[in-house]
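Below is one structure, written out as structure tokens; comments come after it.
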Number of protein chains: 2
Amino acid sequence: MKRFAIQGAYLILSPHEILKDKYLIIEGTKISDITDKLPKDITEVLGGPHDIVMPGLINTHTHAAMSLFRGFADDLPLMTWLNEKIFPAEAKFVDEEFVYMGTLLAAWEMVRSGTTAFCDGYFFEDHVAKAAKEVGIRVWLGEGILDFPTPYIKDPSTTIEAVRAHIERWKNDQLVKTTVFPHATYTCAPKLLQKAYALAEEYDLIYQIHLSETAGEVSQVKEKHYKSPVEHLDSLGCLSERTLAAHCVALSEHDIEILAKRGVSVAHNAESNMKLASGIAPIPEMLEAGINISIGTDGCASNNNLDMIGEISTVAKLHKVAKMDATVIDAPTALSFATINGAKALRFDGGTLHKGAPADVVVLDGSAPNMVPVHNPVSSVVYSANGPNVKDVVINGKVIVKNAKATTIDEEAMLKEWRKIEKKLNHSLI
Amino acid sequence: MKRFAIQGAYLILSPHEILKDKYLIIEGTKISDITDKLPKDITEVLGGPHDIVMPGLINTHTHAAMSLFRGFADDLPLMTWLNEKIFPAEAKFVDEEFVYMGTLLAAWEMVRSGTTAFCDGYFFEDHVAKAAKEVGIRVWLGEGILDFPTPYIKDPSTTIEAVRAHIERWKNDQLVKTTVFPHATYTCAPKLLQKAYALAEEYDLIYQIHLSETAGEVSQVKEKHYKSPVEHLDSLGCLSERTLAAHCVALSEHDIEILAKRGVSVAHNAESNMKLASGIAPIPEMLEAGINISIGTDGCASNNNLDMIGEISTVAKLHKVAKMDATVIDAPTALSFATINGAKALRFDGGTLHKGAPADVVVLDGSAPNMVPVHNPVSSVVYSANGPNVKDVVINGKVIVKNAKATTIDEEAMLKEWRKIEKKLNHSLI
């Protein structure tokens, strides 16, 4: 088995366990040891004496292929943005090739900025898997389930069977896992939500859904079902520890109680919620209630990047000012959201650098101007760092980024392909 | 005179004037032309066919030397942070060498992330100037004026004369300008505020001051002077177009009216205000009143980096969610804050790439993963980019950063020096 080491001035095993001047030893796909000195038989060493080594970041909610829509519609009211820009563009452009090329671009950006796993939700998810595997990033797929036809599933009466077939295709993959992804309570009828949940139970999968993203959504669902989206989903029996709810912005106290009681995990998308003026999710209240909080970037049409380090920093600062209390969500808490809590949300045994954990590791350049000096490495990651400070990335024991270059894709050749798509989209969209 | 070109897929002359596929021609210290083709006599070309070329960013409020305190005190209530951490650390460590080394570090970080000018406020400002000149960044100095002794001015009765002497020393410098910097209305008696203002008038300089940073400050000043800090400063005759007020978080409608009427410029420090839980400055209201809004990062003890691109992005998103309106502060407005408005605040003729403007230019790598594709270059800068996307930086016609390396400092040699300080500080602080 291949064996190599990663040297760090600091090893952040988890946000509250930091070791100084160590070597992390990787063997096969796992972290096998942590040593003071470099074992004599090891010749390959990543990192260096000034770098910060930490668990790979886990993005629990995104729509990777939307990277190709980055920056084509901003500063618009939510409904104008969705109905006049995003939906028409998706109807016009989203096909297998678009999803494959967009996910490749997204996966390139993600690994280059320290993300080692992401939970996706879009269409043609087999092509998301194909792109993710090529780049070497872990993915949890979510083929979009809606009441109406999707770019992938033309006949809604075949939805569950189409998703079942998709799940079957990826049953034995090491990097690719599937989820069941009904879009939202306002786009899926109660029966569909329940059928999807039964499918998730049958295959023991995550059930991911957009939930209470805006006050408007809550009103709409209340008008139809006389319940909040959370109450509605709970009454259908679709909330449990397998449920991963994205956004959760417009929640009542009762909603928070329900989410806590059911053991639901939340994907907090702070920057998307800010940019689309959806609101500020009550994260401190959810934490207080014991809910597992993870972080998502959302798609690039609403953020507009996939930089988890930037997102962590925003999360830590946003809730301080929202609560007018500088002690709210301290640096270790924010970093937990993006690592161990993300792993928990996806029922994945990673998110730390403990011995025996999957070797998903990120090295941050400790000699970048914004990273000097280091008084507290967790603070450096949360408040000082940015995506491009990531120097090396290991996923499942494989070196995916080395010296800020992706090893698994030909960046220059791919750029030419993305330029062609950029040109085509520019001509049509603007 | 030296003549060279910068090629861009997009030239952002100003946030609403964008040219496609051009060459920016620089001659001496100025932008001399914009051409479709590369002039035959020019052999040196920065940028490239996919890059975004824009005006250098202007940071109108920081305390550069505090870069050395990056990350040593976070997640604390404001007064604990200030009284138990920052003030004791400053008393113990801040001397000429500290300021020089800290400003070198800050200037390195600033130029590497696209900042070409900054307005500083600290102590031993002659050493800020020395460091800024070595790196080649424009600076507006602000020697701290307070009622009590400072690390630089031991005897407060000599303050105005000491600052006058400092101003005289930098009267004829091209890159270094001075300002008059009374710290705040709660640390300077009315007479001192007025004497400082008279000095600013005498030398025709910017008068910069921390103003209404928190509700606590407003209460304190009201208790003593029966006026808000803005009203107080206005009653002393210290508000005019030469006044640059930092923070302006806790403002009444009447305060906003006064600031607008007097033509005061504001330095908005969104991330610092978030991290210290000071509040959200009423920027949309100030804009509506016609106030010139610029952007500052504040010092690294409260942010914790000097990345203006990150700050612009936060500003654009924060006010959207604060107002629950996605159309508030669109991308061009946010970019204006950090360029042309910053120039106006400092009474500097830069901030655009128009012919004849000072050659302060930034090139962003259009082939970085988070920058592909470009549908709208201003959106790409505001919502997708981050500091390290900056490839090349020109200040006053001189190439200061080339291919993401500072040309004016020996990064490796300096890192060794900063490590020594890091070690000394770590031993003493933690």
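The values are calculated or read from the model by the stated rules, or taken from the named source; none is laboratory data. Predicted model only: the values in this text are computed from it and were never measured. So basically every Cβ, Gly included, is an ideal-geometry build from the backbone, and we count neighbours across all protein chains shown. The protein model used for the area step is the full one, side chains on, heavy atoms only, and it has no ligands, DNA or RNA in it. Shrake-Rupley method; radii C 1.70, N 1.55, O 1.52, S 1.80 Å.
Odds and ends about this structure:
- Pairs from the list A:Lys391/B:Lys423; A:Lys40/A:Lys344; A:Lys317/B:Lys320; A:Lys275/B:Lys398; A:Lys320/A:Lys391 with a Cα-Cα gap above 25 Å: A:Lys40/A:Lys344; A:Lys275/B:Lys398; A:Lys320/A:Lys391.
- Chain pair B, A: total accessible area buried, heavy atoms, 1.4 Å probe, Å²: 5100 Å²
- Shielding by partners, peptide A:376-388 (average Cβ within 10 angstrom, other chains): 6
- Entries of A:Lys416/B:Lys405; A:Lys2/A:Lys405; A:Lys355/B:Lys405; A:Lys92/A:Lys133 with Cα pairs more than 29 Å apart: A:Lys355/B:Lys405
- Applying the Kirkwood pairwise sum to the alpha-carbon positions of the protein assembly as shown produces a hydrodynamic radius of 27.5 angstrom.
- The trypsin sites (Lys or Arg not before Pro) found in segment A:167-274 that occupy coil by DSSP, while having at most 14 further C-beta atoms within 10 Å, are A:Lys171.
- Based on every Cα atom in segment A:83-204, Rg and the maximum pairwise Cα distance Dmax equal 14.4, 41 Å.
- Loop-resident trypsin sites (Lys or Arg not before Pro) (DSSP state other than H, G, I, E or B) in segment B:8-56 with no more than 13 further Cβ atoms inside 10 Å of their Cβ: B:Lys37, B:Lys40.
- Alpha carbon Rg of segment B:1-42, scaled by the compact-globule rule 2.2 N^0.38 Å: 1.14
- In degrees, nearest ten, helix B:308-323 long axis to first principal axis of chain B (Cα): 70 degrees
- Selected from A:Ala165, A:Ala359, A:Ala277 as most flexible by GNM, with chain A as the system and alpha-carbon contacts under 10 Å: A:Ala165
- Total formal charge among the other residues, if their Cβ is under 13 angstrom from that of B:Lys227, Lys/Arg +1 and Asp/Glu -1: -3
- For chain B, relative contact order (Cα pairs under 8 Å, six or more residues apart, normalised by length) works out to 21 percent.
- A from B by rotation - nearest chain B beta carbon to the axis, in Å: B:Pro388, 2
- Sorted shortest first, the separations between the B:Glu161 label point and its copies elsewhere in the assembly read 9.5 nm; each point sits 7 Å from Cα along the Cα-to-Cβ line.
- Stretch gain in nm, segment A:Leu236-A:Tyr203, where the contour uses 0.36 nm per residue and the Cα spacing is subtracted: 10.0 nm
- GNM top mover of B:Leu346, B:Leu68, B:Leu38 - chain B, alpha-carbon springs below 10 Å: B:Leu38
- C-alpha center-to-center spacing [segment A:151-225, segment B:267-307] in angstrom: 41 Å
- Inter-copy label distances at A:Ala404 (7 Å, Cα→Cβ; nm, one decimal): 0.2
- Carbon + sulfur, % of accessible area of segment B:57-345 - ligands and nucleic acids excluded, 1.4 Å: 51 percent
- When the helices of chain A are scored as -39500 (n - 2.57) per DSSP H run of n ≥ 4 and the total is divided over every residue, the value at 222 nm lands at -10500 deg cm²/dmol.
- When the Gaussian network model of chain A links Cα atoms closer than 10 Å, the mean-square fluctuations of A:Asn396, A:Asn304, A:Asn172 top out at A:Asn172.
- Candidate lysines for bridging to B:Lys191, where Cα separation is under 27 Å - those fewer than 8 sequence places away on the same chain excluded: B:Lys154, B:Lys171, B:Lys177, B:Lys222, B:Lys224, B:Lys227, B:Lys261
- Among the trypsin sites (Lys or Arg not before Pro) in segment B:270-363, those placed in a DSSP loop whose Cβ has at most 14 other Cβ atoms within 10 Å are B:Lys355.
- Dividing the convex hull volume of the alpha-carbon atoms in chain B by its residue count gives 135 Å³ per residue.
- Rel. contact order, % - alpha carbon contacts under 8 angstrom, at least six apart, segment B:224-270: 45 percent
- The protein assembly as shown, accessible area per residue, ligands and nucleic acids excluded (1.4 Å, Å²): 34 Å²
- Within 10 Å of the Cβ of each residue in B:314-327, the mean number of Cβ atoms contributed by other protein chains is 6.
- Over segment B:166-287, relative contact order from alpha-carbon pairs under 8 Å, at least 6 apart, %: 21 percent
- Each other copy places its own label point for B:Asn426 at 4.7 nm from this one, sorted shortest first, where the point lies 7 Å along the Cα-to-beta carbon line.
- Cα shape, segment B:14-160, gyration tensor, a/c 1.5 rule: prolate
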